[in-house]
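Student: Handing you this structure, nothing more for now.
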Amino acid sequence: MKKKGIGIISLILIIIIAIVAGIKIKQNHDENAVQEIQPVKVSSKTVPTFFFHGWGSSWHAEDTMAQAIKRAGATNTIVRVNVNKKGHARLIGKIKKNAKNPLVEVNFSDNKLTNSQYNGQYANAYDSTGARYVKNAIDLVRNKYHYSKINIVAHSMGNLEVASYIKLNAGKKNFPQIDHLVAMAGSSYGWTLCDGIIGICGWGGISLNAAANDPRIKATAAITMYDMPHVGAWGYFDKGTADERYQNKKQIAEQRTKEYGAGKFAKAGGCFEYPAR
């Protein structure tokens, strides 16, 4: 009887071990299994999509996204338009007749609008220059390939330039029909001294600091795409030498000392006179 009982117990243990092993094998298989992606039918309308980059950036910021779209089979054509500081637009590449959802990567040489500011006010630069850069890039492609409809994707400062372009040109003859407009991290330069503050893109951290020190701000929303203190210390994309970063910090420190002694502070772009009028 004892041998029979031991045999039964052993059999039960073997069954339990087999079940546990089977469950474990299935779990490992499920965890390592590659999800089957169903193909998505993409419209092949010949409507170009223009990509506009943000402050201090370039067409490189758009290229990863554009290449991913191409690998997904949603387009077979990527071209670039470079707009120099005088506003002259030049097309790099060619859109063929069989182009499927062509993508246009727009590059602004004047990517900080530093040559167009009026007393440090970026808002004037958007209307005076940024909108013109956008218009020249779009008109170049439309005049060459006769598109009546376009799509627009803009990031950060690119949204402000696009908004100015639309504001100044909508309703005019030959203004294109914009099928889709995607705004990513649309910046809000300067904040309104009222009940709330919105910080978008790199301004998210700045907005939080302002709200922590200003009791007039009752509500705060921050959407931040990158670490602003890190950018301040290391530069965009961690570029620049250690000496260049040191010289930048030194210049900022000297500016603070100068402003403290004079009792007058230099304003950055988008700042309002205080008290606000």
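Student: I'd like to check something: does region 66-77 contain any residue that is closer than 16 Å to G158 by Cα, outside any helix (DSSP H, G or I) and either aromatic (F, W, Y) or modelled with pLDDT of 90 or more (or both)?
Tutor: No, that holds for no residue.
Student: Additional query: Checking the conditions here, which among K135, K173 is charged (D, E, K, R) and assigned to a helix (DSSP H, G or I)?
Tutor: Exactly one of K135, K173 is charged (D, E, K, R) and assigned to a helix (DSSP H, G or I), namely K135.
Student: Can you pull out the residues in region 50-89 that are open to solvent by 40 Å² or more (accessible area, probe 1.4 Å) and among the polar types (S, T, N, Q)?
Tutor: T64, Q67, N76, N84
Student: Answer yes if at least one residue in region 122-134 is at pLDDT 90 or above, aliphatic (A, V, I, L, M) and either open to solvent by less than 40 Å² (accessible area, probe 1.4 Å) or at positive phi (or both), and no otherwise.
Tutor: yes
Student: Tally up the residues in region 90-110 that are in a loop (DSSP other than H, G, I, E, B) and surrounded by 19 or more Cβ atoms within 10 Å (Cβ to Cβ), please.
Tutor: Looking only at that region, the number is 3.
Student: Same structure, new question: Across region 130-179, what is the total count of residues that are small (G, A, S) and over 19 Å from S109 (Cα atoms)?
Tutor: 4
Student: Among residues belonging to region 213-263 that are in a loop (DSSP other than H, G, I, E, B) and of a type in the set (S, T, N, Q), point out the one that is modelled with the lowest pLDDT.
Tutor: This residue is T224.
The values are calculated or read from the model by the stated rules, or taken from the named source; none is laboratory data. Keep in mind that this is a model prediction, so the values were computed, not measured. Counting neighbours? That spans all protein chains shown, and the Cβs are built from the backbone with ideal geometry, glycine included. Calculation scope for accessible area: heavy atoms of the full protein, side chains included, ligands and nucleic acids excluded. Shrake-Rupley method; radii C 1.70, N 1.55, O 1.52, S 1.80 Å.
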